[in-house]
1. Output the residues belonging to the stretch 321-336 that are part of a loop (DSSP other than H, G, I, E, B) and either of a type in the set (A, V, I, L, M) or farther than 19 Å from Thr295 by Cα (or both).
2. Would you say Thr339 is assigned to a helix (DSSP H, G or I) and modelled with pLDDT under 95?
3. Which condition number does Ile170 fail, the rest of (1) surrounded by 21 or more Cβ atoms within 10 Å (Cβ to Cβ); (2) hydrophobic (A, V, I, L, M, F, W, C); (3) within 16 Å of the ligand (Cβ to nearest atom); (4) not in a helix (DSSP H, G or I) being met?
4. When the stretch 1-41 is examined, which residues are found to be within 16 Å of the ligand (Cβ to nearest atom) and either modelled with pLDDT under 95 or part of a loop (DSSP other than H, G, I, E, B) (or both)?
5. Take the stretch 145-159 and flag every residue that is within 16 Å of the ligand (Cβ to nearest atom) and farther than 22 Å from Val221 by Cα.
6. Show me the helices (runs of 4 or more DSSP H) entirely contained within the stretch 43-106 in which 2 or more residues are touching a helix residue (DSSP H, G or I) at 6+ places or on another chain (Cβ under 8 Å) and touching a residue at least 60 places away in the same chain (Cβ under 8 Å).
7. Of all residues being in contact with a helix residue (DSSP H, G or I) (Cβ under 6 Å, 6 or more places away or on another chain) and part of a strand (DSSP E or B) in the stretch 201-245, which is surrounded by the fewest Cβ atoms within 10 Å (Cβ to Cβ)? Just the residue, please.
8. Do you know which residues across the stretch 294-320 are buried (at least 21 other Cβ atoms within 10 Å of the Cβ) and either within 15 Å of the ligand (Cβ to nearest atom) or in a strand (DSSP E or B) (or both)?
Amino acid sequence: MARYEIIGGKPLNGTVTISGAKNAAVAILPAALLVSGKCRIENVPNISDVRILTSIIERMGAKVTLPEMNVVEIDCTDLTYAEPDAQLVTKMRASYYLMGALLGRFGKAHVSLPGGCNFASRPIDQHIKGFLALGAEVDETEEYVALTPGEDGLQGGRICLDMASVGATINIMLAATLIPGQTIIENAAKEPHIVDLANFLNTMGARINGAGTDTVKIRGVNSLKGGTYAIIPDQIEAGTYMAAVTAAGGNVLVQNVIPKHMDCITSKLQEMGAKIINYDDSIRITRTGPLRKTTVKTQPYPGFPTDMQAQVCVCMALANGTSRLTESVYETRFFGYCTELESMGASIRIGGKTALITGVEQLNGAVVYAHDLRAGAALVIAGLAAKGITHVEHIHFIERGYENLVEKLTALGADIRRVEE
Ligand code: EPU
């Protein structure tokens, strides 16, 4: 098994270019199944989740080509119904988007339950509620979800989500795009990748309004045509590099970002002592002085993202005073990394949804284990800031979502290498 070996204590300096957004890519690739034509999708991150998804789609009969780096072309003009490969589906979370896409295109779906980062119980009852509201009959077992048209067939419907679920919003949008009538999703998630998916589908001929607000309206169309679309930059990848500079110090230009998407992260890192300047599509972050404590509560967009919880925790672990970090999306997310950070010298007290983090003078290198994607990213940041050598094990979690992490950090002056055993 491969691991990262990091010799910490070096500030980061230079320029890093952010890749396309993972969580947009894993929604847009299945969305191509809805299109009777060729989609050219640009700015696709070369990460393992994307590679798994493209091979699922290819095995289902779609014509998939990779004409150049970070570009995927998918032609589903002549696609006929096929079940996604069960083994591949269980390797990642977002494979559940195949349910919505297949229901929309073929009126039926049989998809194994997804795998992926299991840092919490991750139910899909809201996705199912959406499919039922669209007239589907649902057969859900411990292994798969099977969707077929109910007695009255599939038609638009109104769904009020119990919580603003990203996955349910996306799955319902995918299903409703080709289903007759109007679908309205109330209490929809507002994350940037929801808007990106709507923009992709609308570019291909869909009629989706309101993405980015809490009411999304989808007017079903007969078919979608092909086209070209570029995925937005990854908000969380950008935030991860910004947290790395905050923790390890340095001066970095983070380019290919949408600064507006970063507002909540930017303001917290500023409170902690980082200096940040926004440009049109880049951000300069500098951290030379000491770090100050802060308070963070994770929330759905536009709040502070849960996917940045672990990375900001590392900054807090090095700040003066006791910071308070509250998780309100996935309560059990602290357990994926806090013990590992403690083995590096961090002082963390967890009580329910809140962790109190008392800053220490320095973290020390250790052997630590990534338990999920963002937890793993946090351990890399801790290793960069720590004194001595850190070995981060189980890096397959990290490689699900960060393109060229070692190369990008090395270019910023970090001492990190990937070691194969
Ligand atoms: N929830 C339910 N029932 C549902 C759906 C969600 O109870 O049917 C609950 C969840 O348990 C959670 C909350 O609602 O407490 C929000 O979950 P959401 O559905 O928004 O999350 P998701 O779609 O499973 C996506 C991202 C995650 C990110 C969350 C929150 C993708 C592929 N995944 O997950 O990303 O943490 O939204 O923003 O888009 C990551 O990138 O590392 C990652 C885990």
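The values are calculated or read from the model by the stated rules, or taken from the named source; none is laboratory data. Quantities reported herein were computed from a predicted structural model and do not represent experimental measurements. Quick reminder, even Gly has a Cβ in these numbers, built from the backbone with ideal geometry, and neighbours come from all protein chains shown.
1. Listed by number, the list holds a single entry, Val329.
2. Criteria not met by Thr339.
3. Every condition holds for Ile170 apart from (4).
4. Ile18, Ser19, Ala21
5. Val145
6. 48-59, 97-106
7. That would be Gly227.
8. Val296, Thr298, Phe304, Pro305, Asp307, Met308, Gln309, Ala310, Gln311, Val312, Cys313
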